[in-house]
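The values are calculated or read from the model by the stated rules, or taken from the named source; none is laboratory data. Owing to the predicted nature of the structure, the values given are computational and were not obtained by experimental measurement. Here the Cβ positions follow ideal geometry from the backbone for every residue, glycine too, while neighbour counts run over all protein chains shown. Remember, those area values only see protein heavy atoms, side chains included, never the ligands or the DNA or RNA. Shrake-Rupley method; radii C 1.70, N 1.55, O 1.52, S 1.80 Å.
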Amino acid sequence: MEQRFDLEVSADRPILRLDYIFPGCTALIDTGALFPVWTKSRELLEALGAKVCKRNVLFSGFGGNVYGDIYTLTLQLGSLIYPEMHIMSCENNDIPGYFIFSATMFKNTVYTINDIEKKFIIVTQDHQICRNIIINGEDGIMHVLCETVSSE
């Protein structure tokens, strides 16, 4: 199954438009990121239905170690569903976009950033629409557990 999404035409980086969440909502696609991240106010994230799981968690990102909160948020991207996806919340208004979508969100897919046509293309060869993302800490080291779940 192939899905195509619009990227922000004027952006120098791959910024995915998510106007269906709310007007002006965007996500930076970061192929080097391990964790999905919310970069704006926690109040707005909670207004979207996110629930806090754990507060004041140390994780590496943004060029060093930072503290943030882990939330769960059910997110739909086209036909892909991320039920109660774990997402780090770390307010940083210098980052373009409300979200950072990590490479782990697209595990077991073929994804392409087409900078000429300004499209983000996801091909799910396993035809699984449900994807679980769980952030788990062991021995002070954060890990992301990813799996696809049958929609049947």
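Across the range 79-130, what is the number of residues that are open to solvent by less than 30 Å² (accessible area, probe 1.4 Å) and closer than 13 Å to PRO36 by Cα?
Count: 15.
Okay, residues lined up against (1) closer than 22 Å to PRO23 by Cβ; (2) more than 15 Å from the chain's Cα centre (by Cα); (3) at pLDDT 95 or above:
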| site | (1), (2), (3) |
| --- | --- |
| SER60 | no, yes, no |
| ASN65 | no, yes, no |
| GLY97 | yes, no, no |
| PHE101 | yes, no, yes |
| PHE106 | no, no, no |
| THR109 | no, no, no |
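Looking at ASP69, ASP6 in this structure, which one is open to solvent by 50 Å² or more (accessible area, probe 1.4 Å), over 14 Å from ILE133 (Cβ atoms) and assigned to a strand (DSSP E or B)?
ASP6
Take the residues in the range 35-58 that are within 30 Å of MET1 (Cβ to Cβ) and touching a Gly at 6+ places or on another chain (Cβ under 8 Å); name whichever of them is modelled with the lowest pLDDT.
Selected residue: PHE35.
Scanning the range 123-139 for residues that are more than 13 Å from ILE81 (Cβ to Cβ) and not in a loop (DSSP other than H, G, I, E, B), which turns out modelled with the highest pLDDT?
Filtering first and then ranking leaves VAL123.
Looking at this structure, is ASP19 without any contact (Cβ under 8 Å) to a residue 24 or more places away in the chain and under 16 Å from SER79 (Cα atoms)? Give the steps one after another, and end with the answer.
Values: without any contact (Cβ under 8 Å) to a residue 24 or more places away in the chain: yes; under 16 Å from SER79 (Cα atoms): yes.
It is true that ASP19 is without any contact (Cβ under 8 Å) to a residue 24 or more places away in the chain and under 16 Å from SER79 (Cα atoms).
For the list (1) acidic (Asp, Glu); (2) free of Cβ contacts under 8 Å to residues at least 60 places away in the same chain; (3) part of a strand (DSSP E or B); (4) touching a Phe, Trp or Tyr at 6+ places or on another chain (Cβ under 9 Å), I need the number of the one condition that GLU84 fails.
Looking at each condition in turn, GLU84 falls short on (4).
Just checking, does the range 30-47 include any residue being outside any loop (DSSP other than H, G, I, E, B) and under 14 Å from PHE106 (Cα atoms)?
yes
Looking at (1) within 16 Å of ARG4 (Cβ to Cβ); (2) open to solvent by less than 30 Å² (accessible area, probe 1.4 Å); (3) out of contact with any helix residue (DSSP H, G or I) (no Cβ under 8 Å at 6 or more places or on another chain), find the lone condition where ILE135 falls short.
The single condition ILE135 does not satisfy is (1).
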